[in-house]
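Q: Sharing a structure below in structure tokens format, with a few things to ask.
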Amino acid sequence: MQTTAKPSTTPTKSPHVDHSLFHHSHRKHHSEPHQEEATHSSQQQQQTTNSFTSLNSTLWCSICLKKAEEHIPAITSCQECQVELCKFHTKTHFKKHESHVSISLINNEDETRHQYSNAVLNGEMNRILTEGNNSLHSSQSHRRHCVIHSSSINTFCKTCEQLICAACSVHSHKGHDLYLIDSIEKEEREKLNEQLQLLKKEIIVFENEHSLDDATVNNELEMIEEMNLRLKQQGLNLFEKLKTMIETQQEKLNQSIDEMCENHKCIIHHIVELKVKLMSMLGEFDQLHQLSGLEMMEKKLVNFKKVDELFQELKSRCKFENMSELHGYELVDTKSSFKIIEKEIDKFSNIVHSIKPKTTPRKLDFVSNLTESTVSNDSLSNPYDVKLSYACNCILISDYFNSRIQIYELETKQFKTTIKTISRPHCLCIETNYNSHFSDALLVGCSDHSVYKYDLKSLVDASVNKRPHHDSLIWKQSEQLEYPAGMLVTYQYLRNLSPTSPVTSRQQQDTLRIVYVCDYTKNCIHLIRLQDGEIICRFGLNDGIVLQGPWGIDMNEHGEIIVGETGFNRIQFLKPDGMGSYVSLKSFGQTGNGNGQFNFLRGVVYDRACKQILACDFSGRRIQIFDRNGEYLTSYYDRVQGPYNCCIHELTREVFVADYSKKRIFIFK
């Protein structure tokens, strides 16, 4: 039902409101913004508009708010009294004022607004006025009143972005930027219309870019349903095939068991027959003393010889020490086999994304090399590895045959100092913020079958000032290591570690900082606790994970471990299964000089920014680049002759390559 707002008695000379003309107010209000519809010529814009609905702000019961200061949601509005009422006050108000008409404030798409009188309160629906859309438009155009002062809302507070009454403006909104609604209605309507037009255009563009039109969405739903059926059918076929294979193996096993048992039965039956014949012929000699000399000699020469032959045959049949050996057979021990089979079958329940992400192959451009700024005495001799420390602003290089670590300034690329190592350094790794004071630690794997952990800043300072650096050593791990190669520092959930691990006690935290250490000759990967250097567990030894000469190692954003294996010339993806073991997800690569093949694979690095894998193909004299799924993208041959390892500057995007053959560190970008 249409209502009109009470005219404001406040005179206005400009859009701004004179605060002295408004009554005093003590509380803020809750209001409902006006609803407005716009028509458009384009049918596509109209469909876009229909897909978005507006929300009404909550209205509170005016009586509850005024008397008890309680925020009780209103369900009706009295047209005559211009107040909103909760369920309780709706009954009391219309019982007292039977002639007043109420407008429901409950919005439902499937029900129209009803106007009802006191008959509704008595349970007799004598007076229900249903006006359909007319009533709905009437409610939307209904002029709201302040729930605190019951005055008409006629002012817009631009500071608070609220609609208020005159009384509210002189207290709770005093000093704010206020405008009478009538004075800004035309301007705001035009602004709103412009904003709506712009928003609708953006929505159309967004829908087109993401294929959100109705036809595409409906088609996508059909495609998903089709995919559902297709994948389930593929799964059914897969497991039917597995079932057939298992049943075939079961039949073969049963046949083997039957044949073996039948053979053993035949052996026993033949032995019994031989025993019967042997005993029968021996019985002929029972009355030996009663035989004449001629009969005795005949039996000796004929029958006794046959008895001896039967006995020799019996002995040849009994090739076992005890008859129980014929039934003392078991199936082979399948515990380890079942573990491997279970891991392999578990892969059948995985679903992979078949649409490959759009990937732009990286282009590497040569920048410089680090040996240009050094004197001959500090030249590199077959660098094995290179790593960066942002906290210490340095580049670290394992100078293998010189048994030292060369350090350069990260920003200037100038030589800084040399650190002599106890033995020849293989690989390096940086543990950032290892002591919660933003200090880096350096891990060094050496040829003495050990891994050392140093405080990097203390180590560099001691070297620059020519002091002994033994105080920089935090721990050394040399147990059970043979040839430490690539290393990776990461956090690990305790539930992913081996159940026999000494760190699975309840007092430990949920996660633990560890370092993965590739053992090149032992063909496994050790997990070492970074706090004290203790080996927690390892994988790759009789646990279903097959590694051959693991050297390079990194991790992607999904927590999957990427391992480069020199022995197999492949890259393998591994992941913890959450039960103390690891599973092999996939692998790619083989020996060769073609694209995607390796000839003495060394270091691997995962670039999280580009989601690409960089692999150092040593004898192939190149760096191969793959996407995150292992698909070959491109190769880089320029200048490199024997890349052993590389790392990426996460800020400048520079790629540092340790070239073993050229005895240099190349920098590409």
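Quick note: the coordinates plus some simple rules give every number you see, no bench work behind them. Just so you know, these numbers come straight off a predicted model, no measurement behind them. So basically every Cβ, Gly included, is an ideal-geometry build from the backbone, and we count neighbours across all protein chains shown.
Q: Taking H placed 1.01 Å from N in the peptide plane, check which residues at least 5 places from Tyr483 or on another chain put their amide H under 5 Å from its amide H.
A: For Tyr483, whose amide H was placed from the backbone, the distant partners under 5 Å are Tyr520, Thr521, Lys522.
Q: Something else now. Taking one equal scatterer on every alpha-carbon of the range 218-331, how large is log10 of I(q)/I(0) by Debye at q = 0.13, 0.23 1/Å?
A: -0.75, -1.19
Q: Could you work out how much longer the chain between Asp461 and Thr159 gets when fully extended? Use 0.36 nm per residue separation minus the Cα distance between them, nm to one decimal.
A: Between Asp461 and Thr159, full extension yields an extra 103.0 nm.
Q: For the range 157-294, what is one quarter of the convex hull surface built on the Cα atoms, given in nm²?
A: One quarter of the hull surface, i.e. the mean projection, equals 25.7 nm².
Q: Treating only the Cβ atoms of Lys and Arg (+1) and Asp and Glu (-1) as charged, compute the dipole magnitude of the range 218-331 about its Cα centre; round to the nearest 20 debye.
A: Dipole about the Cα centre, nearest 20: 620 debye.
Q: On full extension of the chain, what length is gained from Asn228 through Glu98, given 0.36 nm per residue of separation minus the C-alpha to C-alpha distance?
A: This chain segment gains 40.8 nm when fully extended.
Q: Please report Lys662, Lys201, Lys67 as a ranked list, fewest other C-beta atoms within 10 angstrom at the top and most at the bottom.
A: Ordered from fewest to most neighbouring Cβ atoms within 10 Å, Lys662, Lys201, Lys67 come out as Lys67, Lys201, Lys662.
Q: Another question, if that's okay. Give the cross-link partners of Lys201 among the lysines, using a straight C-alpha distance below 20 Å as the criterion and excluding same-chain residues fewer than 8 apart.
A: Counting by Cα, and skipping residues close in sequence, Lys201 has these lysines nearby: Lys191.
Q: Using θ = phi - 60° and the Karplus relation 6.51 cos²θ - 1.76 cosθ + 1.60, list the HN-Hα couplings for the range 299-316 in order, rounded to whole Hz, with x at every Gly or Pro.
A: Per residue, the Karplus-derived 3J(HN,Hα) values read 5, 5, 6, 10, 5, 4, 5, 5, 4, 5, 5, 4, 5, 5, 5, 4, 5, 5 Hz.
Q: Averaged across orientations, what area in nm² does the convex hull of the alpha carbons in the range 557-663 project?
A: About 7.1 nm², averaged over all directions.
Q: Arrange the peptides 461-473, 623-635 so that the one whose residues have, on average, the most other Cβ atoms within 10 Å appears first.
A: Per-residue Cβ counts within 10 Å, averaged per peptide and sorted highest first, yield 623-635, 461-473.
Q: Something else about it: Would you tally the net charge around Lys522, using a Cβ to Cβ cut-off of less than 11 Å, leaving Lys522 out, and scoring K and R as +1, D and E as -1?
A: Net charge in that neighbourhood comes out at -1.
Q: Quick check on the range 422-475: take the gyration tensor over C-alpha atoms, sort the square-rooted eigenvalues as a ≥ b ≥ c, and tell me if it's rounded (a/c under 1.5), prolate or oblate.
A: oblate
Q: In nm, give the distance between the simple-model label positions of Ser292 and Glu313, each being 7 Å from the Cα along the Cα-to-Cβ direction.
A: Placing both labels 7 Å beyond Cα along the Cβ direction yields 3.1 nm.
Q: Sorted from fewest to most neighbouring beta carbons within 10 Å, what does the list Tyr491, Tyr516 look like?
A: Final ranking by Cβ density, sparse to dense: Tyr491, Tyr516.
Q: In nm, what is the difference between 0.36 nm times the number of residues separating Thr432 and Ile106 and their Cα-Cα distance?
A: That works out to 111.5 nm of additional length.
Q: Less than 26 Å apart at the alpha-carbon level, and either on another chain or at least 8 residues along: which lysines does that give for Lys476?
A: Lys387, Lys416, Lys420, Lys453, Lys457, Lys466, Lys522
Q: Follow-up. Report the Cα centroid-to-centroid distance between the range 222-286 and the range 594-638 in angstrom, as an integer.
A: 49
Q: Check cross-link reach from Lys91 to the lysines: straight Cα distance under 20 Å, and skip same-chain residues fewer than eight apart.
A: Once the sequence-local lysines are set aside, what remains near Lys91 is Lys66, Lys67.
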